[in-house]
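First the structure, in the form of structure tokens, and then the observations on it.
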Amino acid sequence: MSGPERAELTRRTAEMLPDADLTIHTAPPVESFEVGASRVDAPSSLAHLVSDDARDRLAHSHGQAFRDVVRALSGKLPHIPDLVVRPSSEAEVVQVLDWCSDANVAVVPFGGGSSVVGGVEPRVGDGYAGVVSLDLTSMDRVLAVDRTSGAALVQAGVLGPHLEEQLRPQGYTLRFFPQSFEFSSLGGWLATRAGGHFATRLTHIDDLTESLRVITPSGAVETRRLPGSGAGPSPDRLFLGSEGTLGVITEAWVRIQERPRWRAGASVGFADYDAGVQAVRALSQSGLHPANCRLLDPVEALINAGSPTAVLVLGFESADHPLHAWMERALELCLDHGGIPSGPPRYTDSADDRSARTGPSDTWRSAFLRMPYQRDALAAQGMIVETFETACTWDRFAALRAAVDDAARDAMRQVGATGVVTCRFTHVYPDGPAPYFGVYAAGEWGKTVEQWDEIKQAVSEALIANGGTITHHHAVGRDHRPWYDRQRPDLFAAALQAGKAVLDPAGILNPGALVDPLRRA
């Protein structure tokens, strides 16, 4: 980010936090990073897949969390893979896993590298001869489309834009758009149980998964294509969210949809934030299933939508029918709770017409898409800008939000950072919301990672103590492990560890994510 956009971002930040030191710090040259020689050599049969280039290894050494960005800006990336391996077929994945199992080399599966929880960082401990980053992006094709069932067979390494490019000529879409869409892969979405942009109904990649094919060190697992089944615990569910610890997802049948033709959009202001919360609860329990139902608290609305009050960004879309009745009923529910529409709702009846995406809702959408770039720019100016997301039942939301706000503010005071805490709903369910909190704080350059770690620790404790989940859609990785270990039942943890021992007996797959590394005999 540069030029007028950065200047405007700096101006708004200075207005919000006048004491912030917003000096721009530039990243050191790549040549200045310490990248040692690889500790392992791949067998000659795999040589054509392997890279030991320093830049390549550095690019696979981290994700895209705030702490990753700041460490890269500081020239400090302590965990670097020995090799980057790019298989182009399942047979080559098998060869890589066989070699690594025999040679005690850890394997960290890698798609787009967009993890914000340490999920792709090769932070595996000292018990391995080396670490390989297994980059699957060469496996990126849509292999088949079943028009009758509305499904497609897709290789797991495909990034979001390329997947949509392959489906669009046939009139289809997966309709799964996480904020990381441009830089994340289908396999990454599946392995982390990712959440997409849409607020209700088909929100997680789980909802769009028909079957999986997974290569484990012990063999291949292929689940049956079914719309649903009551035949025991689901094998798909074992691998969805497994974060590369049980096997490497290589293909999936996913449920696709016709591209939407009709859209409706509106924005509603709420002078009383709590009334806005009640309106969203009514919407989530109405059966209307809005595609977008994001409630921004007043601080979030001011920063990203230019509104002095809480704002609800509301939208519907369909490939089958016009949406006037749905939008009219949704606005009635908002009016019942004191909401004031910013103007008449906007409708489109063409897949290429964008007029339903204008006004405050479009302002928010643009800000949403630019947030990662703004975060990176502000990180280089000594700001602490990061998010944490959760989910809870409606009856617990008020207490959880208050606890998180108090914990974050107390932690900021203790680390000497002045800032604000924001909240928005990204997804809503009939029984509860998925709040997404943001921290914007003036940090001290050279200490912002440590300052953020303290804030993150305090907030994570508040989430677990007040009935929330440690993550709604960002996965566990290594960064959330302490709280995930407390959230999951102990017997389930033991069962998961036993499953890993069967599927990955050498314990090479993404050690430290989800479960502790297995001890080799």
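Values for this structure:
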read-out	value
Hey, THR192 among the polar types (S, T, N, Q), surrounded by 24 or more Cβ atoms within 10 Å (Cβ to Cβ) and modelled with pLDDT of 95 or more or not	yes
Among (1) over 25 Å from ARG175 (Cα atoms); (2) crowded, with 18+ Cβ neighbours inside 10 Å, the one test that PRO341 misses	(2)
Filter result for ALA498 (out of contact with any Cys (no Cβ under 6 Å at 6 or more places or on another chain), open to solvent by less than 40 Å² (accessible area, probe 1.4 Å), part of a helix (DSSP H, G or I) and not hydroxyl-bearing (Ser, Thr, Tyr))	no
Residue within region 89-107 that is assigned to a helix (DSSP H, G or I) and at pLDDT below 95 present	no
Pair list, Cβ under 7 Å, 6 or more apart: region 35-63 residue closer than 21 Å to PRO109 by Cβ, other residue assigned to a helix (DSSP H, G or I) and open to solvent by 60 Å² or more (accessible area, probe 1.4 Å)	SER45/GLN95; LEU46/GLN95
Residue ranges of strands (runs of 3 or more DSSP E) in region 124-186 with at least 1 members touching a helix residue (DSSP H, G or I) at 6+ places or on another chain (Cβ under 6 Å) and free of Cβ contacts under 8 Å to residues at least 40 places away in the same chain	142-146
Residue list for region 88-132, filter: within 24 Å of the chain's Cα centre (by Cα) and under 15 Å from LEU46 (Cβ atoms)	VAL107, VAL132
Count - residues of region 214-256 that are closer than 23 Å to ASP504 by Cα and either crowded, with 19+ Cβ neighbours inside 10 Å or not polar (S, T, N, Q) (or both)	30
Sole residue being open to solvent by less than 60 Å² (accessible area, probe 1.4 Å) and in a helix (DSSP H, G or I), chosen from TYR440, TYR436, TYR484	TYR484
Residue list for region 459-481, restricted to those being surrounded by fewer than 19 Cβ atoms within 10 Å (Cβ to Cβ) and either among the aliphatic types (A, V, I, L, M) or under 20 Å from the mean Cα position of the chain (by Cα) (or both)	ILE464, ALA465, THR469, ARG481
Output for region 225-266, where each listed residue is part of a loop (DSSP other than H, G, I, E, B), of a type in the set (Lys, Arg) and touching a strand residue (DSSP E or B) at 6+ places or on another chain (Cβ under 6 Å)	ARG225, ARG259
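Residues checked against (1) touching a helix residue (DSSP H, G or I) at 6+ places or on another chain (Cβ under 8 Å); (2) closer than 15 Å to ALA65 by Cβ; (3) modelled with pLDDT under 95:
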| site | (1), (2), (3) |
| --- | --- |
| GLN414 | yes, no, no |
| THR418 | yes, no, yes |
| PRO430 | yes, no, no |
| ALA434 | no, no, no |
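The values are calculated or read from the model by the stated rules, or taken from the named source; none is laboratory data. What you see is a predicted model, and the numbers here were worked out from it, not measured in a lab. Every residue, glycine as well, gets a Cβ built from its backbone with ideal geometry; the counts of neighbours run over all protein chains shown. The protein model used for the area step is the full one, side chains on, heavy atoms only, and it has no ligands, DNA or RNA in it. Shrake-Rupley method; radii C 1.70, N 1.55, O 1.52, S 1.80 Å.
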